[in-house]
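Notes to accompany the following structure.
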Amino acid sequence: MDGNFYHAFDRATFDIGAKTAIVFGDQPARSYDELKDRSFDLAADLRARGVQRDARIALVSRNGPWFYDLLLASALLGAVLVPVNPKLSESEIAYILDDASPTVVVVAEALVASILQRHRSQLLVIERDLAATASLAFAPDCDIERDTPLIQIYTSGTTGRPKGAVISHGNLLAVARDGQQCLGDFKCDDVSLVCLPLFHIAGIDWAVFALLSGGTTVLLPEVDPAAAVAAIAYYAVTKLLLVPAVVRMI
């Protein structure tokens, strides 16, 4: 997989644009073409809000299709997505935001008050500010290469303060290449269940495996054993990643 993450995604899904990419709850399913269109609209909107290359975009939220929107938009901008666990305490979230210094913080409505009190970045609310279609044309940065940072994930902080681990376009593509080869040979007719959190690397990697294979992703907002079992049966899931504790609960 050569080039940057968006180029790899575009090549992998070039001739399957109408195929369902993401299913999430009762929201309309999204095709690959819709993902691409939305990522360009969002990139244009974020650039108009001052997000430049290497700028950080923080996402404090449970799983949702907005993660994919922001990941692809970040890839187009050369910006860096910083996914943050929304279940952390206010002081823990504030520390990460202060350390990452994001240009924009994207949150769910319920988190608005606490984030506003602790941080002064531009605040975008998922269901309101990520819904509009941009009126501006967008031209992606042509100089985004494999070593350009794409994601900054914070460690758990068990031995001190959480540390931001920076993952490049090339890092993510290398893991996707190896994962697709070693974890079951992903195909475009696979249906993958993503329920692990998308602020942890395991959940992010699994989401990327499915995205770059052209398969369909069934996305759950969080780990819920009963919902996972129901989704496996209803959508005829062929691939999923679970940690041992969740396997035991199922």
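The values are calculated or read from the model by the stated rules, or taken from the named source; none is laboratory data. Predicted model, so just to flag it, every value in this text is computed and none were measured. Quick reminder, even Gly has a Cβ in these numbers, built from the backbone with ideal geometry, and neighbours come from all protein chains shown. Remember, those area values only see protein heavy atoms, side chains included, never the ligands or the DNA or RNA. Shrake-Rupley method; radii C 1.70, N 1.55, O 1.52, S 1.80 Å.
From the backbone phi of the range 210-221, what are the Karplus-calculated ³J(HN,Hα) couplings (6.51 cos²θ - 1.76 cosθ + 1.60, θ = phi - 60°) in whole Hz, Gly and Pro given as x?
For the range 210-221, the Karplus-derived couplings read 5, 4, 7, 8, x, x, 9, 9, 9, 10, 9, x Hz, x marking Gly and Pro.
Roughly speaking, what % of Cα-Cα pairs in the range 177-227 are separated by over 17 Å, rounded to a whole number?
Value for the range 177-227 (Cα pairs over 17 Å): 32 percent.
How far apart, in nm, are two points set 7 Å out from the Cα along the Cα-to-Cβ line at D98 and at D37?
Taking the simple label geometry, D98 and D37 are separated by 4.4 nm.
Accessible area of the range 57-101 with a 1.4 Å probe: how many percent of it is carbon plus sulfur?
45
Show me the ranking of peptides 60-71, 186-197 by mean Cβ neighbours inside 10 Å, starting with the highest.
By packing density, highest mean first, the sequence is 60-71, 186-197.
What Rg and what Dmax come out for the range 122-250 when only alpha-carbon atoms are used, in angstroms?
That works out to 17.1, 49 Å for Rg and Dmax.
Where does the charge balance sit around K19 when Lys and Arg score +1, Asp and Glu -1, over other residues with C-beta under 11 Å from its C-beta?
That sum, taken over residues with Cβ under 11 Å, equals -3.
Rounded to a whole number, what is D in µm²/s for the chain from Stokes-Einstein with the Kirkwood radius over alpha-carbon pairs (37 °C, 0.692 mPa s)?
Result for D is 179 µm²/s.
Can you compute the label reach from Q122? Point 7 Å from Cα along the Cβ direction, backbone N cut-off under 11 Å, restricted to the range 20-53.
So the set is 43-52.
In whole percent, how big is the carbon plus sulfur part of the accessible area of the range 132-238, probe 1.4 Å, protein atoms only?
59
Pop a pseudo-label 7 angstrom from the Cα along the beta-carbon direction at both T238 and D224 and give the gap in nm to one decimal.
Using points 7 Å along Cα→Cβ, the separation is 2.6 nm.
Residues of the range 61-90 with the amide nitrogen closer than 14 Å to a label point 7 Å from the Cα of A165, along Cα-to-Cβ, please.
In the range 61-90, the label zone of A165 (backbone N under 14 Å from the point 7 Å along Cα→Cβ) covers 83.
Amide H neighbours of T217 under 5 Å, at least 5 residues apart or on other chains, H built in the peptide plane: list them.
Amide H neighbours of T217: I22, V23, S192.
Among residues other than A236 whose Cβ falls under 12 Å from its Cβ, what is the net charge (Lys/Arg +1, Asp/Glu -1)?
-1
Tell me, how many Å apart are the Cα centres for the range 1-38 and for the range 156-203?
If we compute the Cα centre of each part, the gap is 17 Å.
Report the full-extension gain for the segment D54 to A174: residue separation times 0.36 nm, less the Cα-Cα distance, to one decimal in nm.
Result for the pair: 41.1 nm of gain on full extension.
Listed here are the pairs K36/K163; K36/K87; K36/K239; K19/K187; which of them are more than 21 Å apart at the Cα?
K36/K163; K36/K87; K36/K239
Calculate, for the chain, the solvent-accessible area per residue in square angstrom, rolling a 1.4 angstrom probe over the heavy atoms of the protein chains.
On a per-residue basis, the chain sits at 46 Å².
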